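Reviewing the structure listed below.
The values are calculated or read from the model by the stated rules, or taken from the named source; none is laboratory data. The structure displayed is predicted, hence computed values, not measured ones. Methodologically, a virtual Cβ is constructed for each residue, glycine included, from the backbone with ideal geometry; neighbour enumeration extends over all protein chains shown. Side chains are part of the model used for accessible areas, which takes the heavy atoms of the whole protein and leaves out ligands, DNA and RNA. Shrake-Rupley method; radii C 1.70, N 1.55, O 1.52, S 1.80 Å.
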Amino acid sequence: MDTRSAISPLASRQAAPPVPLYPLSLGVNVQRHQLYVEAWVSLLDLLRERLGLTGTKKGCDHGQCGACTVLVDGKRINSCLTLALMQEGRSVTTVEGMADGAQLHPLQQAFIAHDAFQCGYCTPGQLCSAMGLIAEGQARTRAQVRELMSGNLCRCGAYPQIVEALAEAMQLPADSQDGGASAPAGMVPA
């Protein structure tokens, strides 16, 4: 016995109910946006797919790698873990908003000077996280930088260069004043 039911011609012509859209007012890289979005759209997907800001990367999409890190009202967050609607009225800064025209942000210059990237996939999240770290004002040593940047993974292993880039931008003292807590060059601290 055939248990499949055929869709009637009338049913196939009926449209699915419309998906509700919600208004969203959001500042992104100093530009105000008035949008309408579905309730389930993440901030990451809004930035990449609706606003065309593809610098922010989708890595794991589970908040474990930090590739999607952006700043919301100056604080670093994983944009894959927050709904866009939760950021109503807030100000978002992505890697595209760091430079001032052709003038790179000092952190971007330090990343270049210290070769703090290889494939570059994690670099936008690393840079935004570094900006947040500096704004937080909690890191005073390289060991603290390593600890406070540990939410951002680099599969290429550029951690020593990333730490040095931040140390330069933050004008941290030389590693010898870290109390020996640093990892050897090319190694990730445990």
Q. Name the pairs: first residue in the stretch 74-98 and farther than 16 Å from L133 by Cα, second residue open to solvent by 30 Å² or more (accessible area, probe 1.4 Å), Cβ to Cβ under 6 Å, at least 6 apart or on different chains?
A. C80/D61; L85/Y22; R90/D73; S91/D73; E96/N29; E96/L53; G97/N29
Q: Tally the residues that are of a type outside the set (K, R), over 22 Å from P23 (Cα atoms) and open to solvent by 50 Å² or more (accessible area, probe 1.4 Å), restricting the search to the stretch 43-58.
A: 1
**Q.** Matching residues in the stretch 102-152 - criterion: being surrounded by fewer than 16 Cβ atoms within 10 Å (Cβ to Cβ) and aliphatic (A, V, I, L, M)
**A.** A102, L104, I112, A113, A135
Q.
If a residue must be open to solvent by less than 10 Å² (accessible area, probe 1.4 Å), touching a Lys or Arg at 6+ places or on another chain (Cβ under 9 Å) and either of a type in the set (F, W, Y) or not in a helix (DSSP H, G or I) (or both), how many such residues does the stretch 153-168 contain?
A. 0
Q) Wholly within the stretch 19-79, which strands (runs of 3 or more DSSP E) include no fewer than the required count, namely at least 1 residues that are among the β-branched types (V, I, T), modelled with pLDDT of 95 or more and within 18 Å of the chain's Cα centre (by Cα)? A) 22-28, 69-72, 75-78
Q. What residue, among those in the stretch 80-101 that are among the polar types (S, T, N, Q) and part of a loop (DSSP other than H, G, I, E, B), is surrounded by the fewest Cβ atoms within 10 Å (Cβ to Cβ)?
A. T82
